[in-house]
Amino acid sequence: GIQVEQSPPDLILQEGANSTLRCNFSDSVNNLQWFHQNPWGQLINLFYIPSGTKQNGRLSATTVATERYSLLYISSSQTTDSGVYFCAVGRGTGNQFYFGTGTSLTVIP
Amino acid sequence: NAGVTQTPKFQVLKTGQSMTLQCAQDMNHNSMYWYRQDPGMGLRLIYYSASEGTTDKGEVPNGYNVSRLNKREFSLRLESAAPSQTSVYFCASSGYNDYGYTFGSGTRLTVV
């Protein structure tokens, strides 16, 4: 299967700081998503981004499929950004996705 | 509210017992999925259903069976629960023209 590596595994930020999370994958993919899992366990889809760049408020993401990586940018971080960020990639016809092990983000006030 | 509904939210089973996890979506999505999440391992795909009437194995199907009952519902069955199946189980769905996943709130299962 496809190997998905996320870095860093853990990140602690002061409120207001910016950060970049990285996702590398081992094979060509045709789908990629970023998720946020909040401290209560709920998984929220942030971006569906198989290629290119998207922005949603303080978050943006860029995927360079030919180089097999994606980046998630968080600007002006807030305590509510805390949680685990997952990258998931897919290439099957059934739209099944394979997840990385996540980046655990803690934003302190 | 539109979304993916999972039941139950919590369950404790004894080794060897069986149970069915239920999942229903009201977004008219074609595809549905079952994942398990274990500490430090991210989410792993158990089974998926690309469309009504079809099911396929994912990364970790052993010990599980699924049924796509209709377009809305996709159930996961543990025939003989084992402690290794202690995990948090998530159901998700995605649409034909909208490939982003919507997840349910999860079922926390403990097998003792």
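Scoring A:Pro50 on the criteria (1) free of Cβ contacts under 8 Å to residues at least 40 places away in the same chain; (2) open to solvent by less than 20 Å² (accessible area, probe 1.4 Å); (3) within 11 Å of chain B (Cβ to nearest Cβ) leaves a single failure, condition (2).
The single condition among (1) touching an Asp or Glu at 6+ places or on another chain (Cβ under 6 Å); (2) part of a loop (DSSP other than H, G, I, E, B); (3) not hydroxyl-bearing (Ser, Thr, Tyr) that A:Gly16 does not satisfy is (1). Among the conditions (1) within 14 Å of the chain's Cα centre (by Cα); (2) among the polar types (S, T, N, Q); (3) part of a loop (DSSP other than H, G, I, E, B); (4) more than 13 Å from every other protein chain (Cβ to nearest Cβ), A:Thr101 misses just one, which is (4). May I ask you to verify whether B:Met32 is part of a strand (DSSP E or B) and touching a residue at least 40 places away in the same chain (Cβ under 8 Å)? So B:Met32 fits the description; yes. Name the single residue that is farthest from the other protein chains (Cβ to nearest Cβ) among those in region A:83-95 being open to solvent by less than 20 Å² (accessible area, probe 1.4 Å) and in a loop (DSSP other than H, G, I, E, B). Only one residue fits best here, namely A:Asn95. When B:Gln22, B:Gln17, B:Gln11 are checked against the criterion of being open to solvent by 20 Å² or more (accessible area, probe 1.4 Å), assigned to a loop (DSSP other than H, G, I, E, B) and away from chain A (no Cβ under 12 Å), a single residue qualifies: B:Gln17.
The values are calculated or read from the model by the stated rules, or taken from the named source; none is laboratory data. Not measured: the values here are computed from a predicted model. We place every Cβ from the backbone using ideal geometry, glycine too, and count neighbours over all the protein chains shown. Surface accessibility is based on the protein's heavy atoms, side chains included, excluding ligands, DNA and RNA. Shrake-Rupley method; radii C 1.70, N 1.55, O 1.52, S 1.80 Å.
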